[in-house]
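Right, one structure below, let's go through it.
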Amino acid sequence: MANFIQQVVSGLASGGIYGALALAIVLIHRATGVLNFAQGEMATLSAFVCWSLIDHGWAFWPAFGATIFLSFAGGVVLEQTVIRPIQNGPLLGIVILTIGLLIAINGLTTWVWGGAAKQFHGPFSTAPINVGGVAFSKQDIGVIAISVVSVVLIGLLFTRTKLGLGLRAAAANPTEARLVGVRVPGMLALGWGLAAVLGAVAGVMAAPSLFLEPNMMQTVLLYAFAAAVLGGMDSPVGAVIGGLVLGVLLNLVGTYVHWVGGELRLAVALAVILGVLLIRPAGLFGRTAVRRV
Amino acid sequence: MRSSTGCGSDLSLLELRDVQARYGEITALHGVSLTVAEGDFVAILGANGAGKTTTLRAISGTVKTSGDILFDDHKLFRRSPEAMARKGVAHVPEGRGTFSTLSVLDNLRLGAWVQRGVSPRDLANVFEFFPRLYERPDQQAGTLSGGEQQMLALGRAMMAKPRLLLLDEPSLGLAPLVVREIFAALKQLNEGGTTIVVVEQNAALALAAANHAYVLETGRVVLGGDAADLKANESVRRSYLGY
Ligand SMILES: Nc1ncnc2c1ncn2[C@@H]1O[C@H](COP(=O)(O)OP(=O)(O)O)[C@@H](O)[C@H]1O
Ligand SMILES: [Mg+2]
């Protein structure tokens, strides 16, 4: 039983990372219909920036704060310079552009930081803490806490502020949003900024356990896509829960289903998701659009 | 020539001078000129495809135009819908534009986007006009009935406290009772000082509510004047009033 709880908590920690990245993907998809394949590499780049700041003698938390800020600015600039010029072009073009962006950012991080994996010392020790006879890793608990806090903050921004209302309006119906005075292009840029922030959180939280290298987030991106699809591509809540479910599922399957082992974990997880989608094509939390003419 | 009657004054709030608009190859407006005075209730009549919707779009900046558009006696350059909203133009588009995936309350809040904040008094005012919205603040707009959606669209426009309210076929597809409710609300808003331009297929209804009217045909203004005069006009009666 203790082992089971440990595995669940450890799964929640990875799941929080998948969920944060999935949320970033869903935010952009909802607003623009674009699947941002570069979201993982953007997160890796953020993690490298954080690593460099720490390498230059910064303490973790100030470095993390600065990384969040820089990532936000980077997301906004990326939208304005790369995405905006072709925003109204064919969707496939934009998707290919984000794949190009993935390759470009990957090349950039390899060029600047080299391909060798770096040790990233996170803010939490890997030492276990004992709670009622069950040993949890401090790092897992810390990662869960950070993921929850960032996701909740983003949620509050979207549901409780005027800015969030504008973001939702721009995503729901851009033409209509402009009519009430919302500056839609600004909202889209802001959306990319926020997605980059979530990516930065995911990247920095993943780095201590995955080792920092240019391809670090590629598998995580796959899991994040799977989580987003599982939750329902247009549901922010679904993305986060999808991430958590997937994290726990992967961990439990890897631990208890011995013939699966590490190699087949992804395949099993995807099979489960496929099963869910057969029953609920819009995902667990996806809505089929209600529309009345 | 126009004489002002009713609550209209001679101060022009909006003027279109030879406004032309096109969608790609298709020219929708071949030079529309019209004037709307502060406090006016103006009806725009015309057959399907005459350019009524495009005229409203020209005013709210949702379609590119040539010719001059003056608001408050200032010529407007580089118009955009967001800029026009900021100037006090609220446009309720054809087919009741609401954010169908957002709640009733969020829709109303968005109406007040150009305001400093969501004033509880304005909100109470909208709910007083349309109690049916008050009963379902959290309902998703897309699941409202057609009449409720039109009320929401109008309520959202009211939240912006517009100087100029543009409405595109507000009566379309609604039950007569609901239509009467909507037009009663419009009349009351107009008496409160809001200038209104309404596009309507239902000419009798529009001419009864408005104090001025224009008739569009294939992208041109062919008639304009007092609503009462147009009601008496032989060709308007035959083409639009059907008697
Ligand atoms: N989005 C569009 N693309 C191409 N042509 C359009 C579009 N919207 C309207 N039109 C054309 O412009 C003309 C005027 O249309 P509209 O202003 O919608 O007329 P009305 O509202 O009076 O029915 C029509 O000939 C119509 O076919
Ligand atoms: Mg029309």
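Every read-out reported here was derived from the displayed coordinates using simple, explicitly stated rules and does not represent laboratory data. Quick caveat, the model's predicted, so the values are computed rather than measured. Note: ideal-geometry Cβ built from the backbone for every residue, glycine included; neighbour counts use all protein chains shown.
For A:Leu284, the residues whose modelled amide H falls within less than 5 Å of its own, excluding neighbours fewer than 5 places apart on the same chain, are A:Gly231, A:Gly232.
With θ taken as phi - 60° and the Karplus curve 6.51 cos²θ - 1.76 cosθ + 1.60 applied, the whole-hertz 3J(HN,Hα) list for the stretch B:192-199 is x, x, 7, 7, 10, 10, 10, 9 Hz, x standing for glycine and proline.
Looking at the square roots a ≥ b ≥ c of the eigenvalues of the Cα gyration tensor of chain B, which shape do they give, rounded for a/c under 1.5, prolate if a/b is larger than b/c, or oblate? Please report the intermediate quantities before stating the final value.
Details: a/c = 1.58, a/b = 1.35, b/c = 1.18.
Since a/c reaches 1.5 and a/b is larger than b/c, the shape of chain B is classed as prolate.
Close amide-amide hydrogen proximity is noted between B:Ala28 and B:Ala21, B:Arg22, B:Tyr23, each under 5 Å apart and 5 or more residues distant or on a separate chain (H modeled in the peptide plane; Pro and chain starts excluded). Neighbouring Cβ atoms from other chains, within 10 Å of the Cβ of residues in A:179-190, number 6 on average. For the charge dipole of the protein assembly as shown, defined by +1 on Lys and Arg C-beta atoms and -1 on Asp and Glu C-beta atoms about the Cα centroid, which residue among A:Thr81, A:Gly33, B:Asn48 has the Cα displaced farthest towards the positive pole? Of the options given, the answer is A:Gly33.
Remark: mean inter-chain Cβ contacts per residue of B:135-148 equal 1, using a 10 Å Cβ-Cβ cutoff to other protein chain atoms.
What average number of partner chain Cβ atoms lie no more than 10 Å from the Cβ of the residues making up B:103-114?
Details: counts 0, 0, 0, 6, 4, 0, 5, 13, 2, 4, 10, 3.
For this peptide, the per-residue mean of nearby foreign Cβ atoms is 4.
Sequence-ordered 3J(HN,Hα) estimates for the stretch A:251-257 from the Karplus curve with 6.51, -1.76 and 1.60 and θ = phi - 60° stand at 5, 5, 4, x, 7, 9, 9 Hz, glycine and proline given as x.
Oblate is the label for the stretch A:183-241. Its Cα gyration tensor axes, ordered a ≥ b ≥ c, give a/c of at least 1.5 and b/c at or above a/b. Estimated from helical segments only, the mean residue ellipticity of the protein assembly as shown at 222 nm is -17500 deg cm²/dmol, where each DSSP H run of four or more residues counts as -39500 (n - 2.57).
Look at the Cα gyration tensor of the stretch A:1-102: its axes a ≥ b ≥ c give a/c of at least 1.5 with a/b at or below b/c, and that counts as oblate.
Peptides B:159-165, A:200-206, A:109-115, B:169-175: what's the order by average Cβ count within 10 Å, highest mean first?
Answer by packing, highest mean first, reads A:200-206, B:159-165, B:169-175, A:109-115.
Amide H contacts for B:Asp40 (H built 1.01 Å from N in the peptide plane; partners 5 or more residues away or on another chain; cut-off under 5 Å): B:Ser9, B:Ile196. The HN-Hα couplings worked out from phi for the stretch B:73-82 by the Karplus form 6.51 cos²θ - 1.76 cosθ + 1.60 (θ = phi - 60°) are 6, 10, 5, 9, 10, 6, 6, 9, x, 5 Hz, whole numbers, x standing for Gly and Pro. Distance between the 7 Å Cα→Cβ label points at A:Ser52 and B:Asn48: 6.2 nm. How charged is the neighbourhood of A:Ala31? Take every other residue with its Cβ under 11 Å from the Cβ of A:Ala31, and add Lys/Arg as +1 and Asp/Glu as -1. Charge balance near A:Ala31 sits at 0. Among beta bridges identified by DSSP and lying wholly in chain B, the antiparallel ones come to about 55 percent.
Ranked by the mean number of other Cβ atoms within 10 Å of their residues, highest first, the peptides B:111-117, B:210-216 come out as B:210-216, B:111-117.
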